[in-house]
1. Which of (1) modelled with pLDDT of 95 or more; (2) surrounded by fewer than 21 Cβ atoms within 10 Å (Cβ to Cβ) is the odd one out, the single condition N136 does not satisfy?
2. If only one of I43, I80, I73, I27 is in contact with a Ser or Thr (Cβ under 6 Å, 6 or more places away or on another chain), touching a residue at least 24 places away in the same chain (Cβ under 8 Å) and buried (at least 21 other Cβ atoms within 10 Å of the Cβ), which one is it?
3. In this structure, does M93 turn out to be within 16 Å of the chain's Cα centre (by Cα) and either surrounded by 18 or more Cβ atoms within 10 Å (Cβ to Cβ) or of a type in the set (A, V, I, L, M, F, W, C) (or both)?
4. What is the number of the single condition among (1) surrounded by 14 or more Cβ atoms within 10 Å (Cβ to Cβ); (2) under 20 Å from M85 (Cβ atoms); (3) out of contact with any helix residue (DSSP H, G or I) (no Cβ under 7 Å at 6 or more places or on another chain) that Y201 does not meet?
5. Can you tell me which residue within segment 162-187, out of those that are open to solvent by 20 Å² or more (accessible area, probe 1.4 Å), of a type outside the set (D, E, K, R) and under 9 Å from A39 (Cα atoms), is nearest to the chain's Cα centre (by Cα)?
Amino acid sequence: MRFIYHPPFLIKKFFNDFIWETSNEKILLTFDDGPTEEATLKILNVLQSYQIKAVFFCVGNNIKKLPSLTEKILGDGHTIANHTMNHKLLTKMSREETIEELSKFNEELKLSFNYEVKFFRPSHGRFDFKTNRIMNEMNLKCVMWNLLTYDFQNDFNKVKYSIDNYLRKDSIIVFHDSQKCDNIIEQSLNYTIERASKLGYEFGEPEDCLK
């Protein structure tokens, strides 16, 4: 059961260039798949109320469709990271296709927002051995996680279970900026932040957490 929420040791050992937990023993909140009209502003409002900075692993096509929300994420001081241009699976693409998918995202952020992308997370968390080589070539850090909340199942009790049982002081937590969880994302974030506070844990700045 534990591996459903927390990646297996052997996977982390084989891919030890990837980031699986924070480096400063502070919690980092991350959000996949945005921006979206349904969830992004809800997330930003909660983060603003607690003065917490997060990493948004965005999809390039969503950024092109919703530039004002992208500007809002950056304007609030959060980090935007590469979650591919079209949310495609790297494991089903050639090396050349993968590089193109990631490069288009980085180029979009640079051209439209003058923003340099430093971090990447593969779609659906799926990767293979070529991923590590491409990360090094493109000077990107691959950020995974050690706590998956299952918020995409739109069931707060499942999120609560994951937080109650697997939250650590070095957690990189995955939430989603998605219509799939927009009904529970505010409750889920508030619960997570308050639970961390009760345990004496702190939230860190993305750049510091991912050194």
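The values are calculated or read from the model by the stated rules, or taken from the named source; none is laboratory data. Here the structure is a predicted model, which means the values were calculated and not measured. Here Cβ is always computed from backbone atoms with ideal geometry, including for glycine, and neighbour counts include all displayed protein chains. Keep in mind that these areas ignore ligands, DNA and RNA; they rest on the heavy atoms of the full protein, side chains included. Shrake-Rupley method; radii C 1.70, N 1.55, O 1.52, S 1.80 Å.
1. (1)
2. Values: I43 fails: in contact with a Ser or Thr (Cβ under 6 Å, 6 or more places away or on another chain); I80 fails: in contact with a Ser or Thr (Cβ under 6 Å, 6 or more places away or on another chain); I73 fails: in contact with a Ser or Thr (Cβ under 6 Å, 6 or more places away or on another chain).
Every option except I27 fails the conditions.
3. Details: within 16 Å of the chain's Cα centre (by Cα): no; either surrounded by 18 or more Cβ atoms within 10 Å (Cβ to Cβ) or of a type in the set (A, V, I, L, M, F, W, C) (or both): yes.
When the stated conditions are applied, M93 does not pass them.
4. With (1) surrounded by 14 or more Cβ atoms within 10 Å (Cβ to Cβ); (2) under 20 Å from M85 (Cβ atoms); (3) out of contact with any helix residue (DSSP H, G or I) (no Cβ under 7 Å at 6 or more places or on another chain) applied to Y201, the lone miss is (2).
5. Among them, the one singled out is H176.
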